[in-house]
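Every number in this text was worked out from the coordinates using simple rules, so none of it is lab data. These figures come from a predicted structure and were not determined experimentally. Here the Cβ positions follow ideal geometry from the backbone for every residue, glycine too, while neighbour counts run over all protein chains shown.
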Amino acid sequence: MRGVRLAVALVGADCLSAGSGNALLTRLSPYFPGLPLMLVSDAADIRRAHATFATDALLAELDLSGVQMGEIDLALPPLDDSEPPF
């Protein structure tokens, strides 16, 4: 996708409104420090997104088959990588 690096969170369409979408972006941002974060709902009928930036151009070119997937448990804190492991 043109060398753009960002975090994409696959969410339900109910998470894309301004209120719940912004709250979820705030909760997820510590898990992806330094990366722009975009919420994407990939429903069968239409793909939609929410972010703090314009998503239309990125969403049009987003190929989810090439995305590296993982799960996040929001009940667990993000890893603290500020200190080296040695």
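Segment Met69..Phe53, full-extension length gain: 3.6 nm, with 0.36 nm per residue of separation and the alpha-carbon distance subtracted. The length gained on full extension between Asn22 and Leu76, counted as 0.36 nm times the residue separation minus their Cα-Cα distance, comes to 17.5 nm.
Restricting the trypsin sites (Lys or Arg not before Pro) of region 6-56 to loop positions (DSSP other than H, G, I, E, B) with no more than 12 neighbouring Cβ atoms within 10 Å leaves nothing. In the elastic network of the chain, a GNM with C-alpha springs shorter than 10 Å, the most mobile of Leu37, Leu16, Leu64 is Leu64. Hydrodynamic radius of the chain by the Kirkwood approach over all distinct alpha-carbon pairs: 14.0 Å.
Let me spell out the model: positive unit charges on the Cβ of Lys and Arg, negative unit charges on the Cβ of Asp and Glu, origin at the Cα centre of region 7-65. What dipole size does that give, in debye rounded to 20?
240
Using the Cβ atoms and a cut-off under 13 Å, what net charge is assigned to the surroundings of Leu37, where Lys and Arg are +1 and Asp and Glu are -1?
Net local charge, Leu37 excluded: +2.
Taking every DSSP bridge with both residues inside region 7-65, close to 55 percent are antiparallel. Here the label points at Leu35 and Ala13, each 7 Å from Cα along the C-beta direction, are separated by 2.7 nm in the simple model.
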